[in-house]
Amino acid sequence: MSQRGELPKWVDVGLIPALNLLLALLATSVIFLLINENPIECLGIMIKGAVGSLKGWSYLLYYTTNFIFMGLAVAVAFHAGLFNIGGEGQGYIAGLGAALIGLNLEFLPWFITIPLAILASVAFGALWGFVPGYLQAKRGSHIVITTIMFNFIASSLMVYLINYWFRPIGKMAVESREITGAYILSFREIARQFFDFKYPASPLNLTVFLAFLVAWAVWYFLWRTKLGYAIRAVGLNSDAAIYAGIKPQRIIMIAMAVSGGLAGLVAVNEVLGAQHRLLLEFVQGAGFVGIAVALMGRNHPIGIVLAAMLFGLLYQGGTELSFAKTHINRDMVVVIQGLIILFMGALENAFRPWLTALFFKADD
Amino acid sequence: MTTPAIELIHIDKRFGPVHANKDVTLSVGQGSIHGIIGENGAGKSTLMSILFGFYAADSGEIRVKGQPVKIKSSSDAIAQGIGMVHQHFMLVDPFTVLENVVLGVEGGALIGPALAKARSELKRLADDYDMQVNPDAIVGELPVGLQQRVEILKALYKGADVLILDEPTGVLTPDEADHLFRILGTLRDQGKTVILITHKLREIMAITDHVSVMRRGELVANFETKDTSVDELAEAMVGRSVLLHVEKGKATPGEMVLEVKDLVWRDSKNVARVDHVSFSVRKGEIVGIAGVSGNGQSELLDCIAGITKPTSGEIIFEGKSIGQLADPRHLREEGLAHVPEDRQHRGLITAFDASESSILGWQFEEELGHGFRLNRKKVVESCLREMKEFDVRPANPLLKSAKFSGGNQQKIILAREMSSNPDLLIIGQPTRGVDIGAIEFIHKRIIELRDAGKAILLVSVELDEIRSLSDRIIVMFAGKVMGERDSSADERDIGLLMAGVQKGVAA
């Protein structure tokens, strides 16, 4: 039987997402109208707040950094056929690695401490991803369940550790002391130190470049290495993978460790870059946003970078909106995000049959 | 002449650039068995899907018993008395036969009355058409032949006068196929109309009254079965005369390459699916394993290819014992290539592009990239080279594997395994679902490889294929080797072994 015709690529990756985004914005507008706000004005505030100033851009890119790491983490697991819901916990535990090195090895020069701290973040995240991967591969425990549970374990464990181990005696706030040596420079600090230029205050730091670099590295890993090939083979068809001499159990454990390691890089952005200390719940839900980012970016690094920027825009624009409009709070922003995920992720194929029909009618 | 049961008039259907049915006009007489043959992708399944309401024709008309009808969905088709038995059964495995039969016609909130009605109706149908089946059996536990019978009963229960069967014998043993043909004969005698889609010429000759031949979307010929021959049909199908026989010289077997000794493999229920099997394969010969599908051949292949670990016994490949290794990667490095039986699920990854599928199993090769890297350019180049050599169409390494026809997918796999220059090639079902033109090509390649001094182990359920390719034939039945014959053995002799009959004594 013949295959149904396929849409041209530009429709697939360009027009369809654009239409879905438009639909999401229309639905958002309806909600603004329901609360007696002018949707065009509100959307204007959001966009201007995110991309209308250097400060807006800085926040946008700071959020984007976390979302890229988490989106990539979800994508790598997804290519191995696994749904990693545990990015939140993996990123959180990774903070332990960053803080242990950052706080204890401050006597070493920064160019040794920082790479070590980054590696430790990745290693702790990878470990927290590997354990559910091991349980899936060797014991058949479902990865979705175990990774969710591991989020809770991470959360409780970190509260205990931060409170009893990291919190300096006499300090009220439940957080570690400040990392004074081995932290990653913020844009503001670089501008002041090296260029004598006043950069607006923002948590944006050099980790953003690491995010783009890692996005490229993940693409290379999945599509240009033998291990990446094996991971995709297992994810698409594990019987064929076994035939090809690939061991799916091994691949599952590797993929989950890589995924956890990528999630762990969020700790680099937060603990070493933005906060310079270990805080409670510093991941702030980025692990869950990462699922939406990977979904929208179709598990491809380019798509993930673009989707992460869109979510960065929503986060920053939403914050600005809640400042500008007194009766719009951050929950409203969550509603808008939800609509975008709904239309671009869950209803991704809503337009497809209709567009396909249109295209092939035009062809005849 | 009576009104035809089904008339398809000027049916035309396109899928994007593919013209699947070109102005097809077909008339099926009432109370007859009408065969439709054609190569893969000739448009037979599309045509039947239009008749059964899965697709809408772009233009054309369908008449049932002389009345023009619109068939927009399968329920329209069922209402018109058309039933279809699909190649892949549409049955709910954990349900009983009875529950499957009433599926879709439960007729109310309570299932009881429908089941009671179905039970008596099923008994009547079974008696009328000689189709006995236990209504309370769990469908998933029935053999394939009986599952198919349930599909037919389901269609009849829904009042089908016209029954479409899509490649019905692909999954059946010869015995089961014979029984199916008897059932179809009875159905015809009772006034039902049967449309049989197949690419097996022998079936057409055996049971149809009329036959239509499709080629590249067109209906190219109609015959009365009694007035035509296998050769004439084959020629109409491919548009040129084809060799049904394989030309090959005498084998010159050399040293031992593979030796299987007393091999046993037990499944999770501790049933010996491979039962004390011993045989050997030498350089420069083709050893064929004949047998009805499901008699242990697949499991035997899996053991040799390192996919499953045998329970006991020994496999010796080039002097080394490999049975307990179960490491396909290592075996490939040692020179064992494997064309798996199920190409869609094992031989390639349909979501990969052709170039990626063309390295499946060989992905760790140093030639394809140093160390951990995979050199995309080299992968695409080697794929293109293999495609040209094996005449894969279209020769586009970047096209998704799923987009190639069955025959071309098989060529991609064969090209991959053969170009590795193996010492031993094991091939499962080399031409299942492959069209005649490609079969000829594949057979030629297998012979060439043998003549180059390689050892080949062939498993096929097509006895003709085994007989025309093999230098020695091993027959398997119920996991055991029933006997060994040379290539000149007669078909009846092998057929008896396949049925488990040894020297006149039933096994």
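Taking the DSSP beta bridges with both ends in chain B, the antiparallel portion is around 55 percent.
Using only alpha carbons, build the gyration tensor for chain B and give me the equivalent ellipsoid semi-axes, biggest first, whole Å. Please list the in-between numbers first.
Details: eigenvalues 336, 156, 103 Å².
Ellipsoid semi-axes (Å, largest first): 41, 28, 23.
Computed over all pairs of different Cα atoms, the Kirkwood value for the hydrodynamic radius of the range B:366-500 is 16.7 Å. For chain B, the relative contact order comes to 14 percent (Cα pairs under 8 Å, sequence separation of at least 6). For the cross-link pairs B:K13/B:K400; A:K247/B:K444; B:K123/B:K158; A:K247/B:K283; B:K72/B:K192; B:K44/B:K388, the ones whose C-alpha atoms lie over 25 Å apart are A:K247/B:K444; A:K247/B:K283; B:K44/B:K388.
Pairs of Cα atoms nearer than 8 Å and 6+ residues apart set the relative contact order; for the range A:16-352 it is 35 percent. Multiplying each eigenvalue of the alpha-carbon gyration tensor of the protein assembly as shown by 5 and taking the square root yields semi-axes of 58, 36, 25 Å, largest first, rounded to whole angstroms.
Given the -39500 (n - 2.57) contribution per DSSP H run of 4+ residues, what per-residue ellipticity at 222 nm results for chain A, rounded to the nearest 500 deg cm²/dmol?
-21500 deg cm²/dmol
Ordering A:A182, B:L457, A:I251 by the projection of their Cα atoms onto the charge dipole of the protein assembly as shown, which places +1 on the Cβ of Lys and Arg and -1 on the Cβ of Asp and Glu, puts A:A182 at the extreme positive end. Percent of Cα pairs in the range B:444-491 per distance bin of 5 Å, from zero to the largest separation: 5, 18, 30, 25, 15, 7, 1. Using R0 = 56 Å, the C-beta based FRET efficiency linking B:T2 and B:K250 works out to 0.50.
Using a simple spin-label model with pseudo-atoms 7 Å out from Cα toward Cβ, B:D391 and B:A351 lie 3.4 nm apart.
Listed values for the range A:145-157 are Karplus-derived 3J(HN,Hα) couplings in whole Hz (6.51 cos²θ - 1.76 cosθ + 1.60, θ = phi - 60°), namely 5, 5, 5, 4, 4, 5, 4, 5, 4, 4, 4, 5, 4, and x replaces Gly and Pro. By how many degrees, 0 to 90 and rounded to 10, does the Cα axis of helix B:436-451 deviate from the longest principal axis of chain B? Computed tilt is about 20 degrees.
Panel note: the C-alpha atoms of the range B:154-210, placed on their principal axes, show extents of 28, 23, 17 Å (largest first). Calculated on the Cα set of the range B:347-419, radius of gyration then Dmax: 11.1, 34 Å. Close amide H pairs (under 5 Å, H built 1.01 Å from N) link B:E218 with B:K22, residues at least 5 positions away or on another chain.
If you place +1 on the Cβ of every Lys and Arg, -1 on the Cβ of every Asp and Glu, and leave all else neutral, what size is the dipole of chain B about its Cα centre, to the nearest 20 Debye?
860 debye
Using only side-chain charges placed at the Cβ, +1 for Lys and Arg and -1 for Asp and Glu, the dipole size of the protein assembly as shown relative to its Cα centre rounds to 2260 debye. One compactness figure for the range A:279-322 is 1.24, namely its Cα radius of gyration divided by 2.2 N^0.38 Å. Would you look at the GNM of chain A, springs on alpha carbons closer than 10 Å, and say which of A:A292, A:A217, A:A263 moves the most? In this elastic network of chain A, the residue with the biggest mean-square fluctuation among A:A292, A:A217, A:A263 is A:A217. For chain B, the longest principal axis of the Cα atoms and the long axis of helix B:174-189 meet at an angle of about 10 degrees. Across all directions, the shadow cast by the convex hull of the range A:101-241 built on its C-alpha atoms averages 12.7 square nanometres. In the range A:16-352, the ratio of gyration radius to Kirkwood radius, Rg to Rh, stands at 0.99 when only Cα atoms are counted. Straightening the chain between A:N329 and A:A350 buys 4.5 nm, computed as 0.36 nm per residue apart minus the Cα-Cα spacing. Say the dipole of the range B:6-238 comes from +1 at the beta carbon of Lys and Arg and -1 at that of Asp and Glu; which of B:V162, B:I197, B:Q148 then lies farthest toward its positive end? So the residue furthest toward the plus end is B:V162. Rg/Rh for the range A:1-115 stands at 1.13; both radii use Cα atoms, and Rh follows the Kirkwood definition. The alpha carbons of the range B:235-372 occupy a box of 51, 42, 37 Å along the principal axes, longest dimension given first. Between the listed residues A:Y63, A:I118, A:G133, the Cα displaced farthest toward the positive end of the dipole of the range A:1-153, a dipole computed from Cβ unit charges relative to the Cα centre, is found at A:G133. Close amide H contacts of B:H338 (hydrogens built in the peptide plane, cut-off under 5 Å, sequence separation of 5 or more or a different chain): B:I426.
The 3J(HN,Hα) values that the Karplus relation (6.51, -1.76, 1.60; θ = phi - 60°) gives for the range A:289-302 are, in residue order, 4, x, 4, 5, 4, 5, 4, 5, x, 6, 6, 10, x, 4 Hz. Gly and Pro appear as x.
Expressed to the nearest 5 percent, the antiparallel share of DSSP beta bridges inside the protein assembly as shown is 60 percent. What residues qualify as long-range amide H neighbours of B:I164, i.e. H under 5 Å apart, gap of 5 or more or another chain, H built at 1.01 Å from N? Residues meeting the amide H criterion: B:G83, B:M84, B:V85, B:I195.
Relative to the longest principal axis of the Cα atoms of chain B, the long axis of helix B:376-389 makes an angle of roughly 70 degrees. Working note: Karplus 6.51/-1.76/1.60 with θ = phi - 60° gives the range A:181-198 the couplings x, 8, 10, 8, 5, 8, 4, 4, 5, 4, 4, 6, 6, 9, 10, 6, 9, 8 Hz, where Gly and Pro are set to x.
Normalising by residue count, the range B:6-238 has a Cα convex hull of 124 Å³ per residue.
A simple charge model with +1 on the Cβ of Lys and Arg, -1 on the Cβ of Asp and Glu and nothing else charged puts the dipole of the range A:136-268 at about 280 debye relative to its Cα centre.
Readers should treat all values here as calculations from the given coordinates under stated rules, not as data from a laboratory. Bear in mind the structure is a predicted one, so any value in this text is a computation, not a measurement. Positions of Cβ are backbone-derived with ideal geometry, glycine not excepted, and every protein chain shown enters the neighbour counts.
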